[in-house]
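Asker: Let me give you the structure first, and then I'll get to my questions.
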Amino acid sequence: MLNKLDKNKIDKIRNLSISTSTITDILDGLKLGDVLPHHLSSLNKKEYYIVGQAYTVQWSLIKKGESIIDKQPSTWEQVNQFLVPELKNADGLIYIAGAGNLIRNAALAGGMSCTYFQELGFSEIILGGAVRDINELKNLNIPVIASNIIPSDTQGAYYVNETGTSCRIKDNIIHTGDLIISDLNGTVIIPFNLIDTVIDKAVIISSTKNIMLEEIKQGKRLPDLIKKTRRI
C-alpha cells in the first residue's frame with residue numbers, strides 16, 4: 001500500500017540536494033536502510049539528482065506447473081502487470097523492479113515501456129537487472145538505472161507476481177512508499193517510517209559538512225575539524 005508523502009516535503013529534499021553519502025552515513029548510524037548495489041548505474045543520463053517514493057514491481061523465475069500437459073498462460077499474461085495498469089498518475093514516484101539476484105540475461109523494461117513510465121509521471125526507473133533499446137532511452141528526460149543493456153526480454157522466462165508491495169534487488173528489500181534518493185554516488189533507500197528522522201538529521205549534517213569544506217579551503221586542518229564536529 002502506498003502512503004504518499006506531501007509533495008512539498010519531496011520538493012524540499014530535492015532543493016537541498018543532500019548527497020546520498022550523507023544519507024548513508026545517517027542510516028548507518030541508525031543501523032537501518034539500504035544502498036543499491038554498485039552494479040546498477042544510469043545508462044542514459046550523466047547528471048541527475050532524483051528524489052521520490054518507490055513503487056515496486058516484483059519479478060520471479062517461471063517454473064513448470066504440476067502437470068506438463070496443462071495449458072500455460074501466455075507470455076504476455078505472465079508479464080503484463082509490469083506496466084502497473086493500476087496507476088493512472090505516477091507523479092512523485094520512482095519505478096523499481098527487482099527479482100532477487102540481478103537479471104542480466106533479460107531486460108526488465110525497454111524503450112517503449114520506459115517512455116510510457118516517463119509519460120505516466122515516474123521521475124526515475126530503477127531495474128534490478130538489464131534494460132534494452134538504448135537509443136530510445138537516450139531520448140528520455142529521466143534516468144534509467146540498470147545493470148546492463150541486452151536485446152532479449154523476460155517473456156517466457158520470468159513473470160510478475162506482484163506490484164505496489166515490495167521487491168528485492170540482491171540483498172535489498174524495497175517497499176512501496178520508501179523514499180529513494182539517487183545521485184552520481186548511487187541510490188539509497190530510506191524506510192518510510194524513518195523519512196522524517198533521516199531528513200532532519202541530513203539537513204543539520206549537510207550544513208556542518210559545507211562549513212567544514214569552506215574551512216578546509218581556508219587552511220584549517222581536517223583532523224582538527226573532525227575532532228570538533230565528529231564528522232567527515
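The values are calculated or read from the model by the stated rules, or taken from the named source; none is laboratory data. What you see is a predicted model; the values in this text were computed from it and never measured. Note that we place each Cβ from the backbone using ideal geometry, even for glycine, and neighbour counts take in every protein chain shown. Surface areas here come from the heavy atoms of the whole protein model, side chains and all, with no ligands, DNA or RNA. Shrake-Rupley method; radii C 1.70, N 1.55, O 1.52, S 1.80 Å.
Asker: Could you give the length gained on full extension between Tyr116 and Leu222, defined as 0.36 nm per residue of separation minus the Cα-Cα distance, in nm?
Answerer: Working: separation 106, 0.36 × 106 = 38.16 nm, distance 4.81 nm.
Working it through step by step, the gained length comes to 33.3 nm.
Asker: In deg cm²/dmol, rounded to 500, what helix-only [θ] at 222 nm does the chain give when every DSSP H run of at least 4 residues adds -39500 (n - 2.57) and the total is split over its residues?
Answerer: Details: 7 runs with 71 residues, N = 232.
Helix contribution divided over all residues of the chain: -9000 deg cm²/dmol.
Asker: How big is the antiparallel share of DSSP beta bridges in the chain, given as a percent to the nearest 5? Working shown, then result.
Answerer: Numbers: 22 of 39 bridges.
Counting DSSP beta bridges with both partners in the chain, the antiparallel share is about 55 percent.
Asker: Among Phe122, Ser19, Trp59, pick out the residue whose Cα is farthest towards the positive end of the charge dipole of the chain, where Lys and Arg carry +1 and Asp and Glu carry -1 on C-beta, about the Cα centre.
Answerer: Ser19
Asker: Now for a different question. Using protein chains only and a probe of 1.4 angstrom, how many square angstrom of Tyr49 are accessible, to the nearest 10?
Answerer: Estimated to the nearest 10 Å², Tyr49 gives 50 Å².
Asker: Be a star and scan the range 28-66 for residues whose amide nitrogen sits under 16 Å from the point 7 Å along the Cα-to-Cβ vector of Lys4.
Answerer: Only 52-56 pass the distance filter.
Asker: Per the 1.4 Å probe, what fraction of the accessible area of the range 161-227, in percent, lies on carbon and sulfur atoms? It would help to have the intermediate numbers written out before the result.
Answerer: Numbers: 1850 of 3580 Å².
Carbon and sulfur: 52 percent of the exposed surface of the range 161-227.
Asker: Additional query: Between Arg230 and Ala157, what length comes free when the chain is fully extended (0.36 nm per residue of separation minus the Cα-Cα distance, one decimal in nm)?
Answerer: Values: separation 73, 0.36 × 73 = 26.28 nm, distance 5.05 nm.
21.2 nm is the gain from fully extending Arg230 to Ala157.
Asker: Something else: In terms of the ratio Rg/(2.2 N^0.38 Å) built on C-alpha atoms, what value belongs to the chain?
Answerer: Working: Rg = 19.7 Å, N = 232, 2.2 N^0.38 = 17.4 Å.
Here the answer is 1.13, to two decimals.
Asker: Additional query: May I ask you to derive the relative contact order of the range 78-125, considering only C-alpha pairs under 8 Å and at least 6 residues apart, and to give it as an integer percent?
Answerer: 57
Asker: A follow-up question, please. As an exercise, identify the GluC sites (Glu not before Pro) in the range 1-99 lying in DSSP coil whose Cβ has no more than 14 other Cβ atoms within 10 Å. Walk me through the numbers before you get to the answer.
Answerer: On the way: sites: Glu47, Glu66, Glu77, Glu86; in loops: Glu47, Glu66, Glu86.
In loop regions of the range 1-99 (DSSP not H, G, I, E or B), the sparsely surrounded GluC sites (Glu not before Pro) are Glu47, Glu66, Glu86.
Asker: Provide the per residue accessible area, probe 1.4 Å, for the range 74-179, rounded to a whole number of square angstrom. The partial results should precede the final answer.
Answerer: On the way: 4380 Å² over 106 residues.
It amounts to 41 Å² per residue over the range 74-179.
Asker: Now for a different question. Rg(Cα) of the range 22-124 divided by 2.2 N^0.38 Å?
Answerer: Working: Rg = 17.0 Å, N = 103, 2.2 N^0.38 = 12.8 Å.
In units of the globular-protein estimate, the range 22-124 measures up at 1.33.
Asker: Just to confirm a number: summing +1 for Lys and Arg and -1 for Asp and Glu over residues other than Ile180 whose beta-carbon lies under 13 angstrom from that of Ile180, what do you get?
Answerer: On the way: positive: Arg14; negative: Asp34, Glu124, Asp178, Asp183.
With Lys, Arg at +1 and Asp, Glu at -1, the net is -3.
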